[in-house]
Amino acid sequence: MTERLTIPRPDDLHLHLRDGAMLASVLPESARHFGRALVMPNLVPPVVTGADAVAYRERILAALPAGADFRPLMTLYLTEATEAEDVVAAHAAGIVQAVKLYPAGATTNSASGVRDLARVEAVLARMTEAGVPLCIHGEVTDPEVDIFDREAVFIERVLEPLRRRLPGLRVVLEHVTTAEGVAYVQGGGAGIAGTITAHHLVLNRNHLLAGGIRPHYYCLPVAKREVHRRALVAAATSGAACFFLGTDSAPHLDAAKLAPCGCAGCFTAPVAMALLAHVFEAEGALGRLEAFACRNGAAFYGLPVNAGRITLVRGAQHGAQHGAQRGPGTIATPDGPLTVFDPGFAPLWHVEETDA
Ligand code: DOR
Ligand code: ZN
């Protein structure tokens, strides 16, 4: 049985790093294992212009631990006031990798998002010409649509019509959570990819709701039925080039999670790679973890595979006393505790720590 697995430093192609004290608290957790991350722009106020992205990138670099081998890849938040030329120039200059579409009201800090897709169509057409990828939070916000159906309905009502109008638009359907999403990405040709989180590979909606409500398992899109989780595991472990890792690690203070109206988001950065190794091994697919976490996303974004490497080790974790790799537990931030995602089982793998 494989006991050690060395792979290139992986890419987290969907990550929330926040800002200020929270950024300083969570960034080392991603920088420890990942070589790069595509950083989501849903700050308050959001990262809208190329200049905003440059400034945010500087704050991230300033918060990095000394010697970290980690590069933030920036995104812009699409609003109905976004200027196409600013987007295209920021992409051409290498300042941003992609633009993020949040339907207004779909999720955390999406109030500045898009209400009417027609109002951003000209920007999307320019992005198509210039080859700027569009990362999509794929859920409708129609209150009539059941929350468990919002992804599948989005594909039918919004995504497919959009791609028919702009067939050359490069699209990432972010955090796919349904069998319908998997099938759509698989059948969509070279212009579409899908990210999959670590937590959606281990959660179904029973984990969230049966036997007590578990706020730390609440995220958006919400976890679906087991049949959908199985489809996600099959997709991620298939090695298919159209699927890659985006953890959607989304830290919220415990006070904000454990509230009458708790925030959506699972803070998985410290445990994501261990969870993935566990899941891939269970599928007999450890050899395809590198494709999913290190190669497919880099290829989609036209980036070289990271030169650095990490080693995953099977067996009980040593070195936790160094505080380097916090399993389930909490991280203290200046504003209060932040709970690390706990899958409810001990992953059989961990990332070997070299910085202890
Ligand atoms: O669970 C989520 N949390 N889903 C999102 O789409 C946003 C994210 C956040 O920013 O907290
Ligand atoms: Zn997200």
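Quick one: how many residues across the stretch 242-261 are under 18 Å from THR178 (Cα atoms) and either at pLDDT below 95 or away from ligand 2 (no atom under 16 Å from the Cβ) (or both)?
So the count comes out to 2.
When you go through (1) touching a residue at least 24 places away in the same chain (Cβ under 8 Å); (2) surrounded by fewer than 22 Cβ atoms within 10 Å (Cβ to Cβ) one by one for HIS16, which number turns out not to apply?
Answer for HIS16: the failing condition is (2).
Determine whether the stretch 123-138 contains at least one residue that is among the basic types (Lys, Arg), over 21 Å from LEU208 (Cα atoms), touching a strand residue (DSSP E or B) at 6+ places or on another chain (Cβ under 9 Å) and without any contact (Cβ under 8 Å) to a residue 60 or more places away in the chain.
No, because not a single residue in the stretch 123-138 is among the basic types (Lys, Arg), over 21 Å from LEU208 (Cα atoms), touching a strand residue (DSSP E or B) at 6+ places or on another chain (Cβ under 9 Å) and without any contact (Cβ under 8 Å) to a residue 60 or more places away in the chain.
Just name the residue that is farthest from ligand 1 (Cβ to nearest atom) out of those in the stretch 174-212 that are open to solvent by 10 Å² or more (accessible area, probe 1.4 Å) and of a type in the set (D, E, K, R).
GLU180
Suppose we filter the stretch 116-143 for residues that are assigned to a helix (DSSP H, G or I) and open to solvent by less than 60 Å² (accessible area, probe 1.4 Å); how many remain? Write out each step before concluding.
Initially, the stretch 116-143 is screened for residues assigned to a helix (DSSP H, G or I), giving 117-130.
Pick out the ones that are also open to solvent by less than 60 Å² (accessible area, probe 1.4 Å) and you get 117, 120-121, 123-125, 127-128, 130.
Looking only at that region, the number is 9.
Could you tell me whether any residue of the stretch 270-288 is assigned to a loop (DSSP other than H, G, I, E, B), at pLDDT 95 or above, closer than 26 Å to ASN42 by Cβ and not hydroxyl-bearing (Ser, Thr, Tyr)?
The first filter runs over the stretch 270-288 and keeps only residues assigned to a loop (DSSP other than H, G, I, E, B), leaving 270-271, 283-285.
Adding the requirement that they be at pLDDT 95 or above leaves 270-271, 283-285.
After this cut, where a residue has to be closer than 26 Å to ASN42 by Cβ as well, the list is 270-271.
Filter again for not hydroxyl-bearing (Ser, Thr, Tyr), leaving 270-271.
Within the stretch 270-288, one or more residues are assigned to a loop (DSSP other than H, G, I, E, B), at pLDDT 95 or above, closer than 26 Å to ASN42 by Cβ and not hydroxyl-bearing (Ser, Thr, Tyr).
Please list, ordered by residue number, the helices (runs of 4 or more DSSP H) wholly in the stretch 144-244 having 1 or more residues that are charged (D, E, K, R) and in contact with a Pro (Cβ under 6 Å, 6 or more places away or on another chain).
150-154
Applying the selection to the stretch 245-264, what residues are assigned to a strand (DSSP E or B) and among the small types (Gly, Ala, Ser)?
Within the stretch 245-264, just SER249 meets the criteria.
From the list THR82, THR2, exactly one residue is part of a loop (DSSP other than H, G, I, E, B), touching a helix residue (DSSP H, G or I) at 6+ places or on another chain (Cβ under 8 Å), modelled with pLDDT under 95 and open to solvent by 10 Å² or more (accessible area, probe 1.4 Å). Which is it?
Within the list THR82, THR2, the selection yields THR2.
Return the residues of the stretch 35-52 that are of a type in the set (A, V, I, L, M) and either farther than 17 Å from ASN109 by Cα or within 16 Å of ligand 2 (Cβ to nearest atom) (or both); say none if nothing qualifies.
Applying the first criterion (of a type in the set (A, V, I, L, M)) to the stretch 35-52 yields 37-40, 43-44, 47-48, 51.
ALA37, LEU38, VAL39, MET40, LEU43, VAL44, VAL47, ALA51 - these are the residues of the stretch 35-52 that are of a type in the set (A, V, I, L, M) and either farther than 17 Å from ASN109 by Cα or within 16 Å of ligand 2 (Cβ to nearest atom) (or both).
Could you tell me how many of the residues in the stretch 329-356 are more than 27 Å from GLY67 (Cβ to Cβ) and modelled with pLDDT under 85?
0
At pLDDT 95 or above, open to solvent by 20 Å² or more (accessible area, probe 1.4 Å) and within 17 Å of the chain's Cα centre (by Cα), is that true of PRO28?
Yes; evaluated as a whole, the condition is true for this residue.
Identify, please: which residue in the stretch 53-73 is of a type in the set (D, E, K, R) and either closer than 17 Å to GLN97 by Cβ or in contact with a Ser or Thr (Cβ under 7 Å, 6 or more places away or on another chain) (or both) and is, among those, surrounded by the fewest Cβ atoms within 10 Å (Cβ to Cβ)?
GLU58
Going residue by residue through the stretch 237-255, is there one that turns out to be of a type in the set (Val, Ile, Thr), more than 23 Å from THR339 (Cβ to Cβ) and open to solvent by 30 Å² or more (accessible area, probe 1.4 Å)?
no
The values are calculated or read from the model by the stated rules, or taken from the named source; none is laboratory data. Nothing here was measured: the structure is a model prediction, and the numbers come from that model. Cβ atoms come from the backbone with ideal geometry, glycine included; neighbour counts cover every protein chain shown. Just the protein is used for accessible areas: all its heavy atoms, side chains included, with ligands, DNA and RNA removed. Shrake-Rupley method; radii C 1.70, N 1.55, O 1.52, S 1.80 Å.
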